[in-house]
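The values are calculated or read from the model by the stated rules, or taken from the named source; none is laboratory data. Since the structure is predicted, the reported quantities are computational estimates derived from the model, not experimental observations. So basically every Cβ, Gly included, is an ideal-geometry build from the backbone, and we count neighbours across all protein chains shown. With ligands, DNA and RNA removed, areas are computed over all heavy atoms of the protein, side chains included. Shrake-Rupley method; radii C 1.70, N 1.55, O 1.52, S 1.80 Å.
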There are 2 protein chains.
Amino acid sequence: MRTPEDFMKEALKEASKALSMGEVPVGAIVEKDGEIIGRGHNLTESSKDPTTHAEVLAIREAAKNLGGWRLLDCRLYTTTEPCPMCAGAIVLARIPKIFIGTMDPKKGAGGSLMNILQDERLNHFVQIETGIMQQQCEEIMKTFFKQLRKKKSEETTI
Amino acid sequence: MRTPEDFMKEALKEASKALSMGEVPVGAIVEKDGEIIGRGHNLTESSKDPTTHAEVLAIREAAKNLGGWRLLDCRLYTTTEPCPMCAGAIVLARIPKIFIGTMDPKKGAGGSLMNILQDERLNHFVQIETGIMQQQCEEIMKTFFKQLRKKKSEETTI
């Protein structure tokens, strides 16, 4: 029986792919009955498409695999708290539960800035569990921003 | 010089396509310098993908045409107030202004239920103009729900 940590490790593998491409390193997977049915990593810069966040891509793949837009009995694992767009997509897909690595105080829509996942006025309520492999999920973000600052400083020097 | 009403008519054409497919009839277009660079109509049921709302599809097409994820100097026209996912996508795409046909008190995220488009804590603020061809945008929704009720009542009778 695989644990939430096992699935978050898979989401972290996705985040690493984003990091290696110079993208903000967020990864997500969708799991059903212990099987991964959707994976995604942030691709905004490379795809030149603002909607290609990790969670949206994982949801799209999972829906394709299931043959329908309702991701009932599925769980989504994301390394970083979803933004408003991704939280909205999670609600639309009727995902019952999500696991979050690290929270995002700047634009998180799972309790930080707002809570779209648990807004009783919407027609779906998402259970949230946070802090799954938090240290590793924070670390990959820090690595990205360190690299970004280094790159910017080198560009300024040149 | 084309007016906001002219562009909303194009969004309404998109909504009509959705209606004829049995989809919730929402249509959207993205305009830049008077040219339509992205179009979309809700395709959730036919595509079996919960993220294929009109606004998201119009944004994706516009980004592809522009060759980048920043839809600066663009305007989005949508027949119905965007849901949280679409409002989030509009903010991510940095669209400066949107025109809305009719508001959605049940799940609108442009002032009705919440206002993601104008949340000062996010890094982008979207101007909103509402009530563009409101009657026609409301009418197409009413037609859809009337057809839906008729279909359900026929199914019950059978």
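See the values below:
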{"item": "Subset tally (residues that are of a type in the set (Asp, Glu) and either touching a Lys or Arg at 6+ places or on another chain (Cβ under 8 Å) or in a loop (DSSP other than H, G, I, E, B) (or both)) for segment B:17-56", "result": "4"}
{"item": "Filter pass, residue B:67 being more than 27 Å from residue A:124 (Cα to Cα) and either open to solvent by 10 Å² or more (accessible area, probe 1.4 Å) or small (Gly, Ala, Ser) (or both)", "result": "yes"}
{"item": "Given (1) on the phi > 0 side of the Ramachandran plot; (2) open to solvent by less than 10 Å² (accessible area, probe 1.4 Å), number of the condition residue A:56 does not satisfy", "result": "(1)"}
{"item": "Residue within segment A:1-14 that is over 20 Å from residue A:140 (Cα atoms), more than 8 Å from chain B (Cβ to nearest Cβ) and not in a loop (DSSP other than H, G, I, E, B) present", "result": "no"}
{"item": "Scope segment B:121-135; condition away from chain A (no Cβ under 14 Å), closer than 15 Å to residue B:87 by Cα and without any contact (Cβ under 8 Å) to a residue 60 or more places away in the chain; matching residues", "result": "B:127, B:128, B:130"}
{"item": "Segment B:31-83: number of residues that are in contact with a Pro (Cβ under 9 Å, 6 or more places away or on another chain), of a type outside the set (A, V, I, L, M) and farther than 14 Å from residue A:48 by Cα", "result": "12"}
{"item": "Residue list for segment A:15-51, filter: open to solvent by 20 Å² or more (accessible area, probe 1.4 Å), more than 14 Å from chain B (Cβ to nearest Cβ) and among the acidic types (Asp, Glu)", "result": "A:33, A:35"}
{"item": "Any hit, segment A:25-32, residues being out of contact with any strand residue (DSSP E or B) (no Cβ under 9 Å at 6 or more places or on another chain) and small (Gly, Ala, Ser)", "result": "no"}
{"item": "Residue identified as touching a residue at least 60 places away in the same chain (Cβ under 8 Å) and among the hydrophobic types (A, V, I, L, M, F, W, C) among B:95, B:90, B:116, B:100", "result": "B:95"}
